[in-house]
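Novice: This is the structure I have questions about; it appears just below.
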Amino acid sequence: MIRSMFTAISSLNLHQKYLDVVSNNLANANTTGYKSSRVLFQDQFAQMMTPGSAPSTAQGGTNPTQIGLGVSMGYITPNFTQGTLQSTGRNMDLGVQGDGFFIYGKEANRRYSREGSMSLDAEGFMVNAATGARAQGWLVGASGIDSNLPVDDIQIATDNTLAKATENVLLGGNLSALTATDGTGTATISMGVYDSLGTLQKGALRFTRTAADPLVWDWQIIDPVTGNNGTGAGTITFNTDGQTDSTTVGTPVQIPGSSGSANGSQIALTIDFSKLTMLSSANSASVTSQDGLTAGTVSDVYISPTDGAISLVYSNGLVEQVGQLALARFTNPSGLLRSEKTSFMAGLNSGEPEIGTANSGGRGSIASGYLEASNVDMAQEFTNMILAQRGFQASTRVITTSDEILQELVNLKR
């Protein structure tokens, strides 16, 4: 009787722990990035009553007789199945689709988490919005992102101002084939380009149809104020269908920039004439597009989906990559140790973190504008709650029955 009581007590203790795990899972059913836990039971030692015997030539063998001594905890392990990605509409809310953890804090106190609600603190560090822990990754260096370097805090300067000098100009429209009887003709177009300081500089381009060959036009950069020739000249040759056949550059194009701008205050341009035509209609040649931009201030911080590249978006439309978030992957994530605030620490059996960029080395992709919901299955947890309750209830009945039998033994003396 005493043995059955101790067996039942071990079951009571274990089912209470089972209920503790279930209650914690249900309590975190709405915790962002939470990973539920599951419980595995194992039986205890068994008391050998008879060891059994091997068969002989005259008689068959007998099986051993053993009485179990209760139940014990096998393990409690986190379940790292993918949680649902919930859209937030906020670019700095991040979720991981696949394996991997965001990295927070320096190596001595490093934490790993699936919770990726990011923000910038007063000093420009990228941190977890809920905990203030600094996210880890790489800043852009002279050769871009080098993911072979150790990860570090990501600090972003949001008070930058940036301009872009014009490098390429695309022309479009028509140079009229309706010219004087001698085959000559001219057309002049104006263009505005930006120097490296973001200052708009004006220039002009004059086209002259040559008398020697009606399919060839000379082009020349001129000063829009004085009309004097500037730096830059060449030719355009059209085919008999009025489409651009070839272009030559005799002198590379340079437009004077403001004092102190790059390249000795000269704006070096590459002009694309390929979209020009020479048809029997009016002159309509003009600048279709150019890639320079005036000075702009930071208007947003953008984290690109999939790879977690961090970029500054400027008011003039420029986008400048300044860093990239890192992800960590573990050979055995079940070996991680739970820490505070939905995070984990590396454990003795988790393996070393394999740190790298998203979408590489088995690490998942980053979903920008999403947060990963808890992976708690409430239907399963309520089922587990019933199982824990019934297991606990059955064990109490065993204790009650053993007590009644002991009572009957005590009453034999009466």
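The values are calculated or read from the model by the stated rules, or taken from the named source; none is laboratory data. Remember, predicted model here, so these are calculated numbers, not experimental data. Note that each Cβ is placed from the backbone with ideal geometry, even for glycine, and that neighbours are counted across all protein chains shown.
Novice: List pairs: first in the range 195-210 and outside the structural domain of I236 (by TED's automatic domain parsing), second buried (at least 20 other Cβ atoms within 10 Å of the Cβ) and part of a strand (DSSP E or B), Cβ under 8 Å, 6+ apart or cross-chain?
Specialist: That search, which allows pairs on different chains as well, returns nothing.
Novice: Something else now. Scan the range 348-376 for residues that are farther than 27 Å from P305 by Cβ and acidic (D, E) and jot them down.
Specialist: Filtering the range 348-376 for residues farther than 27 Å from P305 by Cβ gives 348-352.
E352 - this is the single residue of the range 348-376 that is farther than 27 Å from P305 by Cβ and acidic (D, E).
Novice: Output the number of the condition that S265 fails; it satisfies all remaining conditions of (1) small (G, A, S); (2) surrounded by 14 or more Cβ atoms within 10 Å (Cβ to Cβ); (3) at pLDDT 90 or above.
Specialist: (3) is the only condition that S265 fails.
Novice: So how many residues does the range 293-340 have that are farther than 21 Å from I154 by Cα and of a type in the set (K, R)?
Specialist: The total comes to 1.
Novice: Which of the numbered conditions does T400 fail, given that it passes all the others? Conditions: (1) within 20 Å of L14 (Cβ to Cβ); (2) surrounded by 14 or more Cβ atoms within 10 Å (Cβ to Cβ); (3) not basic (K, R).
Specialist: (2)
Novice: On to the next question. Give me a count of the residues in the range 259-278 that are outside any loop (DSSP other than H, G, I, E, B) and farther than 17 Å from T244 by Cα.
Specialist: Taking the range 259-278 first, the residues outside any loop (DSSP other than H, G, I, E, B) are 262-277.
Filter once more, so that each one left must be farther than 17 Å from T244 by Cα: 262-269.
Of the residues in the range 259-278, 8 are outside any loop (DSSP other than H, G, I, E, B) and farther than 17 Å from T244 by Cα.
Novice: Would you confirm whether or not the range 59-70 contains a residue that is within 32 Å of the chain's Cα centre (by Cα) and in contact (Cβ under 8 Å) with a residue 60 or more places away in the chain? Explain how you work it out, then say what you get.
Specialist: At the first step, the residues of the range 59-70 found to be within 32 Å of the chain's Cα centre (by Cα) are none.
There is no residue in the range 59-70 that is within 32 Å of the chain's Cα centre (by Cα) and in contact (Cβ under 8 Å) with a residue 60 or more places away in the chain.
Novice: Which strands (runs of 3 or more DSSP E) sit wholly inside the range 38-139 and have at least 2 residues that are at positive phi? Show your work before the answer.
Specialist: Numbers: elements: 46-50, 65-68, 71-78, 85-87, 93-97, 101-104, 111-113, 116-120, 126-128, 136-139.
Qualifying strands (runs of 3 or more DSSP E): none found.
Novice: Could you list, in sequence order, the residues of the range 373-393 that are among the hydroxyl-bearing types (S, T, Y) and assigned to a helix (DSSP H, G or I)? Outline the logic, then answer.
Specialist: Within the range 373-393, the first condition is being among the hydroxyl-bearing types (S, T, Y), and the residues that meet it are 374, 383.
Correct list: T383 only.
Novice: Quick one: how many residues across the range 319-338 are outside any strand (DSSP E or B), in contact with a strand residue (DSSP E or B) (Cβ under 6 Å, 6 or more places away or on another chain) and modelled with pLDDT of 95 or more? Give the derivation first.
Specialist: First, pick out the residues of the range 319-338 that are outside any strand (DSSP E or B): 326, 330-336.
Okay, now just the ones that are also in contact with a strand residue (DSSP E or B) (Cβ under 6 Å, 6 or more places away or on another chain), so 326, 334, 336.
Of the ones still in play, those that are also modelled with pLDDT of 95 or more are 326, 336.
Qualifying residue count for the region: 2.
Novice: Here are E115, E123: which of them is of a type in the set (D, E, K, R) and under 18 Å from N375 (Cα atoms)?
Specialist: Details: E123 fails: under 18 Å from N375 (Cα atoms).
It is E115.
Novice: Out of all the residues in the range 311-332, which are of a type outside the set (G, A, S), buried (at least 20 other Cβ atoms within 10 Å of the Cβ) and over 30 Å from L200 (Cβ atoms)?
Specialist: Once the filter is applied, which keeps residues that are of a type outside the set (G, A, S), buried (at least 20 other Cβ atoms within 10 Å of the Cβ) and over 30 Å from L200 (Cβ atoms), the range 311-332 yields Q324, L325, L327, R329, F330.
Novice: Which residues, taken from the range 340-350, are of a type in the set (G, A, S) and closer than 13 Å to G33 by Cα? Talk me through it step by step, then tell me what you get.
Specialist: Applying the first criterion (of a type in the set (G, A, S)) to the range 340-350 yields 343, 346-347, 350.
S343 - this is the single residue of the range 340-350 that is of a type in the set (G, A, S) and closer than 13 Å to G33 by Cα.
Novice: When the range 80-102 is examined, which residues are found to be β-branched (V, I, T) and over 12 Å from the mean Cα position of the chain (by Cα)?
Specialist: Matches in the range 80-102: T81, T84, T88.
Novice: Is it fair to say G105 is within 30 Å of D153 (Cβ to Cβ), in contact with a strand residue (DSSP E or B) (Cβ under 9 Å, 6 or more places away or on another chain), in the same structural domain as L337 (by TED's automatic domain parsing) and surrounded by 12 or more Cβ atoms within 10 Å (Cβ to Cβ)? Please lay out each step first, then the result.
Specialist: Numbers: within 30 Å of D153 (Cβ to Cβ): yes; in contact with a strand residue (DSSP E or B) (Cβ under 9 Å, 6 or more places away or on another chain): yes; in the same structural domain as L337 (by TED's automatic domain parsing): yes; surrounded by 12 or more Cβ atoms within 10 Å (Cβ to Cβ): yes.
Taking the combined requirement at face value, the residue satisfies it.
Novice: Of the conditions (1) small (G, A, S); (2) closer than 30 Å to N79 by Cβ; (3) assigned by TED's automatic domain parsing to the domain that holds T270, S147 fails just one. Which one is it?
Specialist: With respect to (1) small (G, A, S); (2) closer than 30 Å to N79 by Cβ; (3) assigned by TED's automatic domain parsing to the domain that holds T270, S147 is out only on (3).
Novice: If you don't mind, another one. Condition test on S281, is it out of contact with any Cys (no Cβ under 9 Å at 6 or more places or on another chain), within 22 Å of V225 (Cα to Cα) and either among the small types (G, A, S) or not assigned by TED's automatic domain parsing to the domain that holds L178 (or both)? Walk me through how you get there before you give the answer.
Specialist: Working: out of contact with any Cys (no Cβ under 9 Å at 6 or more places or on another chain): yes; within 22 Å of V225 (Cα to Cα): no; either among the small types (G, A, S) or not assigned by TED's automatic domain parsing to the domain that holds L178 (or both): yes.
So S281 does not fit the description; no.
Novice: Here is a list: N359, N375, N316. Which entry is more than 16 Å from M92 (Cα to Cα) and modelled with pLDDT of 95 or more? Lay out the reasoning, then the answer.
Specialist: Values: N359 fails: modelled with pLDDT of 95 or more; N316 fails: modelled with pLDDT of 95 or more.
The conditions single out N375.
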